[in-house]
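The values are calculated or read from the model by the stated rules, or taken from the named source; none is laboratory data. Everything numeric here is computed off the predicted structure, so don't read it as measured data. For neighbour counting, all protein chains shown are included, and Cβ atoms are generated from backbone atoms with ideal geometry for every residue, glycine included.
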Amino acid sequence: MKSNVKSDNCPLFAYSVAIALACLLVDSNAFASDPIRSETVKFADLQVDTSAGVEVLYRRIQSAARRVCSYDATSIQGPSVWQNCVRPAVDAAVAKVNNPQLTAIHTGRNPSPATAMIEK
């Protein structure tokens with residue numbers, strides 16, 4: 001009798017998994033055709049040869065990346081957005097600025113996505 005109950009629930013479980021996967025695929029493809037979003041981070045007002053100036057610039061870059069990526073740490077999609085959008089955006093911005101102090105701060109502060117979300 002127990003085996004009949006399990007087999008009766010098996011199709012329901014399979015359908016649930018298929019629907020969940022379909023939703024994830026639709027969700028991930030929804031952004032594929034979106035235009036590339038960007039934000040200019042200005043730092044002419046900063047002294048990027050000082051650690052204080054570089055710290056402010058790094059915070060500006062991180063904030064801009066979070067806004068562009070619509071990052072919400074409380075969202076169920078937060079870790080995915082962090083890994084696939086915020087982190088690469090910050091990586092690219094730091095590389096584009098090409099400041100050794102900024103790069104050093106960034107590489108020292110580039111922990112795993114879960115740790116990064118907790119410390120912010």
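Does Val90 satisfy the condition of being within 18 Å of His106 (Cα to Cα), under 12 Å from the mean Cα position of the chain (by Cα) and in a helix (DSSP H, G or I)?
yes
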Being on the phi < 0 side of the Ramachandran plot, surrounded by 14 or more Cβ atoms within 10 Å (Cβ to Cβ), at pLDDT below 95 and over 11 Å from the mean Cα position of the chain (by Cα) is the requirement here; does Val48 meet it?
yes
Is it true that some residue in the stretch 13-35 is modelled with pLDDT of 90 or more, exposed (fewer than 13 other Cβ atoms within 10 Å of the Cβ) and not hydroxyl-bearing (Ser, Thr, Tyr)?
no
Within the stretch 58-67, does at least one residue satisfy the condition of being more than 22 Å from Ile105 (Cα to Cα) and either surrounded by fewer than 16 Cβ atoms within 10 Å (Cβ to Cβ) or touching a Gly at 6+ places or on another chain (Cβ under 6 Å) (or both)?
no
Can you say whether Ala73 is surrounded by 15 or more Cβ atoms within 10 Å (Cβ to Cβ), small (Gly, Ala, Ser) and more than 19 Å from Gln101 (Cα to Cα), as far as the supplied structure shows?
no
